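Participant: Structure in structure tokens, see below.
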Amino acid sequence: MVDDAAGPAFRMILDTIWRALGGAAVPPVAVTGSGALPSCYPVSDLAAASVAAAGLALAELVEARFGRRPAVRVDRRLAAHWFARSLDPQGWTLPPPWDPVAGDYPAADGWIRLHTNVPHHRAAALRVLGAPPEREAVAAAVARWRADDLESAVVRAGGCAAAMRSAAAWAAHPQGAAVAREPLVSWEEPCEPDGTGPDGLAAARPERPLAGLRVLDLTRVLAGPVATRFLAGFGASVLRLDPPGWDEPGMVPEMTLGKACARLDLREAAGRARFEDLLAGADVLVHGYRPDALARLGLDAAARARLRPGLVDVSLDAYGWTGPWRERRGFDSLVQMSAGLAEAGMRHAGADRPVPLPVQALDHATGYVMAAAVLRGLTGRLATGRGTAARTALARIAALLAGAPPAAPEDGPAAPTRADFADAPEPAAWGPALRLRPALALDGVPMGWDRPAGPLGAVAPAW
């Protein structure tokens, strides 16, 4: 049962997510707060519903472990703000989230987005264009290309780009058709040897239900880190692993909250051996590598299950797990261009350029769906002792949003005030910062983080 005040889009999105997670009727959830992010899509409803799904999955786990189901409440306004930014630095500034070259450019026959935040992705795009890293020069070079041709050339060169397509064009595209056939969440039982692994929740307490849980995090940027940030907020020990040299300075203060961050090169034999040791001691693995990337390192699903019987293994990719683009690199902003969201925003606004969602909603919603999948997997493991594997994709979340009832006309959510932030500043590694209060509340189960945000690679790769 969901509050009538939540609206049809919220109810539809939450029902779809919950059923994709293996649930039946949606359990009770209360929704407070008002206002909608400006979009032709119900972005605030997606934010509140995905947070609610993770909360309901946690309440279910608490009931399975401790015999009582806490009531679940979601603040729709705060959920929307968490989808934008949760951190307000005090006396310092966050680095810019985008590389200067990244963005939307008019091509000879439409629009294309170049994603150049990663240095080698930027180098690939500039190499194809034969342009220096200056927006004017890049724009002039892009204008000489057809959008589809440039997209293909940049992707072949190892970069990331997406031509703007309409929803109809995406539906007719082989990848769009493949995504439409995929479930929102795919489930499977890993091939495990006989016997089960340790519970992982032996140290849990009713007020800290994930205490003692070990989560190995192989994700970057937003979606996967949102999932593991959520788990850390209820006591999980999250160890994030990044390769040498990787950084995402604009996102790290947002996404490392509650986590220990180490570096490990899985391409080297010593790094793989260390990873196998870490995995053997983990309860949960969350990863965002492209399909078959771990398999090429000798770490396919069967190998992971052998290393850790009972493993809850949750993964994501950008464009789906089937179809011709199943191995294509992608990010939220690119999927929005490919799947018709940016084109629909442009038409709705009467604009002359792509109008994306007001926040990186696909990333954030996918993260909460992943966290919910982890929690449902843990609940299943309490009953059977066996692990499970689940996967989802940004493009599939885009389809969920595109198929939801239209956004109701509302004023935007009021900007955060001091009362929306925690009482005390967080001692982040870069200086003090105010962190938004949680958008999710479970009775008797407070959300809070044991570690402030810190830089990548700050600790050794060890539990």
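Participant: Under 8 Å between Cβ atoms, at least 6 apart or on separate chains: pull out the pairs that start in the range 135-158 with a residue that is at pLDDT 95 or above and end on any residue that is of a type in the set (Phe, Trp, Tyr) and open to solvent by less than 20 Å² (accessible area, probe 1.4 Å).
Facilitator: Within 8 Å, the pairs are VAL138/TYR105; ALA139/TYR105; VAL142/TYR105; ALA143/TYR105.
Participant: On to the next question. State the number of residues belonging to the range 18-39 that are open to solvent by 30 Å² or more (accessible area, probe 1.4 Å) and under 22 Å from the mean Cα position of the chain (by Cα).
Facilitator: Qualifying residue count for the region: 4.
Participant: Give me a count of the residues in the range 213-223 that are outside any loop (DSSP other than H, G, I, E, B) and open to solvent by less than 10 Å² (accessible area, probe 1.4 Å). Can you show your working first?
Facilitator: Within the range 213-223, the subset outside any loop (DSSP other than H, G, I, E, B) is 214-218, 223.
Still in the running and open to solvent by less than 10 Å² (accessible area, probe 1.4 Å): 215-218, 223.
Looking only at that region, the number is 5.
Participant: Output the number of residues of the range 120-136 satisfying the condition of being in a helix (DSSP H, G or I), over 18 Å from TRP98 (Cα atoms) and open to solvent by 30 Å² or more (accessible area, probe 1.4 Å).
Facilitator: At the first step, the residues of the range 120-136 found to be in a helix (DSSP H, G or I) are 120-129, 135-136.
In the following step, the residues that additionally are over 18 Å from TRP98 (Cα atoms) were identified as 127-129.
Then keep just the ones that are open to solvent by 30 Å² or more (accessible area, probe 1.4 Å); that gives 127-128.
Count: 2.
Participant: Here's another thing I want to ask about it. Could you list, in sequence order, the residues of the range 286-302 that are more than 17 Å from ARG220 (Cβ to Cβ) and in a loop (DSSP other than H, G, I, E, B)? Spell out the reasoning first.
Facilitator: Our first condition is that a residue be more than 17 Å from ARG220 (Cβ to Cβ); within the range 286-302, this holds for 292, 295-296, 298-302.
ASP292, GLY298, LEU299, ASP300 - these are the residues of the range 286-302 that are more than 17 Å from ARG220 (Cβ to Cβ) and in a loop (DSSP other than H, G, I, E, B).
Participant: Please verify whether ASP363 is farther than 17 Å from ALA64 by Cα and not in a helix (DSSP H, G or I), treating the condition exactly as stated.
Facilitator: On the way: farther than 17 Å from ALA64 by Cα: yes; not in a helix (DSSP H, G or I): no.
It is false that ASP363 is farther than 17 Å from ALA64 by Cα and not in a helix (DSSP H, G or I).
Participant: Being without any contact (Cβ under 8 Å) to a residue 12 or more places away in the chain and either at positive phi or open to solvent by 10 Å² or more (accessible area, probe 1.4 Å) (or both) is the filter here, so list the residues in the range 224-272 that pass it.
Facilitator: Within the range 224-272, the subset without any contact (Cβ under 8 Å) to a residue 12 or more places away in the chain is 245, 268-271.
Once the filter is applied, which keeps residues that are without any contact (Cβ under 8 Å) to a residue 12 or more places away in the chain and either at positive phi or open to solvent by 10 Å² or more (accessible area, probe 1.4 Å) (or both), the range 224-272 yields GLY245, GLU268, ALA269, ALA270.
Participant: Continuing with the same structure: Quick one: how many residues across the range 360-397 are closer than 10 Å to LEU46 by Cβ and either more than 12 Å from the chain's Cα centre (by Cα) or of a type in the set (S, T, N, Q) (or both)? If you could, list the steps in order and put the result at the bottom.
Facilitator: Let us first name the residues in the range 360-397 that are closer than 10 Å to LEU46 by Cβ, namely 361-362, 364-365, 368, 397.
Narrowing the set further to residues that are either more than 12 Å from the chain's Cα centre (by Cα) or of a type in the set (S, T, N, Q) (or both) leaves none.
Counting residues in the range 360-397 that are closer than 10 Å to LEU46 by Cβ and either more than 12 Å from the chain's Cα centre (by Cα) or of a type in the set (S, T, N, Q) (or both) gives 0.
Residues checked against (1) surrounded by fewer than 22 Cβ atoms within 10 Å (Cβ to Cβ); (2) over 21 Å from the mean Cα position of the chain (by Cα); (3) not in a loop (DSSP other than H, G, I, E, B):
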site: ALA407; (1), (2), (3): yes, yes, no
site: GLU410; (1), (2), (3): yes, yes, no
site: PRO416; (1), (2), (3): yes, yes, no
site: LEU434; (1), (2), (3): yes, yes, yes
site: GLY457; (1), (2), (3): yes, no, no
site: ALA460; (1), (2), (3): yes, yes, no
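Participant: Which residue out of ARG347, ARG396, ARG376 is modelled with pLDDT of 95 or more, open to solvent by 30 Å² or more (accessible area, probe 1.4 Å), of a type in the set (D, E, K, R) and over 28 Å from ASP292 (Cβ atoms)? Explain how you work it out, then say what you get.
Facilitator: Working: ARG396 fails: over 28 Å from ASP292 (Cβ atoms); ARG376 fails: over 28 Å from ASP292 (Cβ atoms).
Matching residue, one of ARG347, ARG396, ARG376: ARG347.
The values are calculated or read from the model by the stated rules, or taken from the named source; none is laboratory data. Quantities reported herein were computed from a predicted structural model and do not represent experimental measurements. Note: ideal-geometry Cβ built from the backbone for every residue, glycine included; neighbour counts use all protein chains shown. Note: areas computed on protein heavy atoms with side chains; ligands, DNA, RNA excluded. Shrake-Rupley method; radii C 1.70, N 1.55, O 1.52, S 1.80 Å.
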